[in-house]
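A.B. asks: After the structure tokens below, expect a handful of questions from me.
The values are calculated or read from the model by the stated rules, or taken from the named source; none is laboratory data. Predicted, not measured: the structure shown is a model, and the values here were computed from it. Counting neighbours? That spans all protein chains shown, and the Cβs are built from the backbone with ideal geometry, glycine included. Note: accessible area is taken over every heavy atom of the protein model, side chains too, but ligands, DNA and RNA are not part of it. Shrake-Rupley method; radii C 1.70, N 1.55, O 1.52, S 1.80 Å.
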Amino acid sequence: MDRSIRKKILELVEEEYQKFSAALLPNIDNVLGVRLPLLRKLAKEIAKGDWQKFMEMAELEYFEEVMLQGMVLGYVEGDIEDILSYVADFVPLIDNWSVCDSFCIGLKFTQDNKERVWHFLQSYLNSTQEYEIRFGVVMLINFYIEDRYIKEVLIRLDNVKHNGYYAKMAVAWAVSICYVKLPKPTMEYLYDNTLDDFTYNKALQKITESYRVDKEAKDLIRSMKRSKS
């Protein structure tokens, strides 16, 4: 099975897209150049069949092969505990923002299992590993920024203490989305938080870049920027 899947992936490679995609992932050197919608289509096909066998046998030499594994988990159906065990096995394979973010957005089973997945995510939010943290934070962005969870989400974001760029940027992104969706509790948080200056200022920047925030609010947000010490 693994060889036939690789053959299908290689048939979808585009040389020009490889150059574009590789430029977005400066720390990754195994990008073939396959558009994500084509990988998602292939993932859907695999998920309809013996996806467990695919997960056990899949090769991981190329960026797209790792991405495909993650996408498959977003389409499978089954017991939530079984699926989460596969998710737990996959997370250590994440070594870039693209696989992380595409993986997270696909895990739509979270919508019907909010409490269970929330509990599952806590160890990642408390991790010391950059991409485990990013996985947890991006999952919050996709599924938990709502009235019911906002206070807990902001607490978890404030507790993330990691110097990795992609962990910091994930937290900044998450705080900005919290503000866009639920400005009142997020503004209270922005006035009283323990974010490092880089993450805090990046969060403010991302808020001001949102088309869903009015000019008056953007002016206030800009005035809250921390100056370099």
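A.B. asks: Report whether or not T208 is under 21 Å from N126 (Cα atoms) and of a type in the set (S, T, N, Q).
C.D. replies: no
A.B. asks: Then there is this: Restricting the search to the range 206-220, which residues are touching a residue at least 24 places away in the same chain (Cβ under 8 Å), surrounded by 12 or more Cβ atoms within 10 Å (Cβ to Cβ) and of a type outside the set (S, T, Y)?
C.D. replies: K206, I207, V213, A217
A.B. asks: May I ask you to list the residues in the range 169-184 that are hydrophobic (A, V, I, L, M, F, W, C) and over 11 Å from R212 (Cα atoms)?
C.D. replies: Those that are hydrophobic (A, V, I, L, M, F, W, C) and over 11 Å from R212 (Cα atoms): M169, A170, V171, A172, W173, A174, V175, C178, L182.
A.B. asks: Looking only at the range 67-99, which residues are touching a residue at least 60 places away in the same chain (Cβ under 8 Å) and open to solvent by 50 Å² or more (accessible area, probe 1.4 Å)?
C.D. replies: D95, W97
A.B. asks: Which one is least open to solvent (accessible area, probe 1.4 Å), of the residues in the range 123-172 that are among the aromatic types (F, W, Y) and within 19 Å of I94 (Cα to Cα)?
C.D. replies: F135
A.B. asks: Pairs under 7 Å by beta carbon, first residue in contact (Cβ under 8 Å) with a residue 24 or more places away in the chain and more than 10 Å from I9 (Cβ to Cβ) in the range 50-66, partner of a type outside the set (V, I, T) and open to solvent by 80 Å² or more (accessible area, probe 1.4 Å), six or more apart or different chains?
C.D. replies: Partner pairs satisfying both residue conditions: K53/M1; F54/M1; M57/M1.
A.B. asks: Residues that are farther than 27 Å from V87 by Cα and at pLDDT 95 or above: list the helices (runs of 4 or more DSSP H) wholly contained in the range 125-197 that include at least 3 such residues.
C.D. replies: Where helices (runs of 4 or more DSSP H) fall fully within the range 125-197 and carry at least 3 residues being farther than 27 Å from V87 by Cα and at pLDDT 95 or above, they are 165-181, 183-191.
A.B. asks: Taking Y179 and the conditions (1) surrounded by 15 or more Cβ atoms within 10 Å (Cβ to Cβ); (2) within 13 Å of the chain's Cα centre (by Cα), which numbered condition does it fall short on, given that it satisfies the others?
C.D. replies: Failing condition for Y179: (2).
A.B. asks: While we're looking at this one, here's another question. Is it true that some residue in the range 45-64 is modelled with pLDDT of 95 or more, closer than 17 Å to W97 by Cα and open to solvent by less than 40 Å² (accessible area, probe 1.4 Å)?
C.D. replies: Yes; the residues of the range 45-64 include at least one that is modelled with pLDDT of 95 or more, closer than 17 Å to W97 by Cα and open to solvent by less than 40 Å² (accessible area, probe 1.4 Å).
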